[in-house]
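These notes concern the structure reproduced below.
Just so it is clear, none of the values below were taken in a lab; they were calculated from the coordinates. Computed from a predicted structure; not experimentally measured. Neighbour counts run over all protein chains shown; Cβ positions are idealised from the backbone, glycine included.
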Amino acid sequence: MKKIADIMNKNLVTVNAGDSFEEALKLMKEKGIGRIPVMENGKLIGVITRNDILVKTEKAPLPPVLAIWDLLITLPNNKEFREKYDKITGVTAKEIMTKEFNTIDIDADLQEAVSSIVDNEKEFFFVFDKGSLAGILTKTDLINGIF
């Protein structure tokens, strides 16, 4: 039978608590990930998810656009747009993160993890090995690893 260590994602991308929202967003987009652990002094203190980005930053500003026939020209130097953009990008990872997250020990039963994710509608677990962050176990990892 497979174990959590066999199917979890060990290639974690993390940000530090003081890193900017812009850096976290850039990493999430580059790596194609929906959540990123936030670390402080080597310890996991939170997670930034897509929901945090969409909800906690209010409404992401869209640059004003000038439409002439079929041509759209963005006007990124608009003062209101720039102020909203600067406000969002000035936020740190610690300010936007969610402090609650689910954890599981690397030696826990895989069936227990599956049941917990399904029964409790959890999206993921951070996996710990001897007190240290070792990986992440998502629904996608479970599907790819079990079937």
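Just a few scattered comments:
- For the pair residue 116 and residue 54 in one chain, pulling the backbone fully straight at 0.36 nm per residue adds 19.7 nm over the alpha carbon distance.
- Amide H partners (placed H, <5 Å) of residue 16, local residues excluded: 39
- Amide hydrogen neighbours beyond the local backbone of residue 102, cut-off 5 Å, H modeled: 126
- The antiparallel fraction among DSSP beta bridges confined to segment 1-55 stands at about 75%.
- Set of segment 41-55 residues, backbone N closer than 18 Å to the point 7 Å along the Cα-Cβ line of residue 106: 42-44
- Computing FRET efficiency as 1/(1 + (r/R0)^6) for residue 31 and residue 144, where r is the C-beta to C-beta distance and R0 is 25 Å, gives about 0.90.
- Sequence-distant residues sharing a close amide H with residue 134 (under 5 Å, placed H): 127, 128, 129
- Compared with the alpha-carbon gap, the fully stretched path from residue 16 to residue 129 is longer by 38.7 nm at 0.36 nm per residue.
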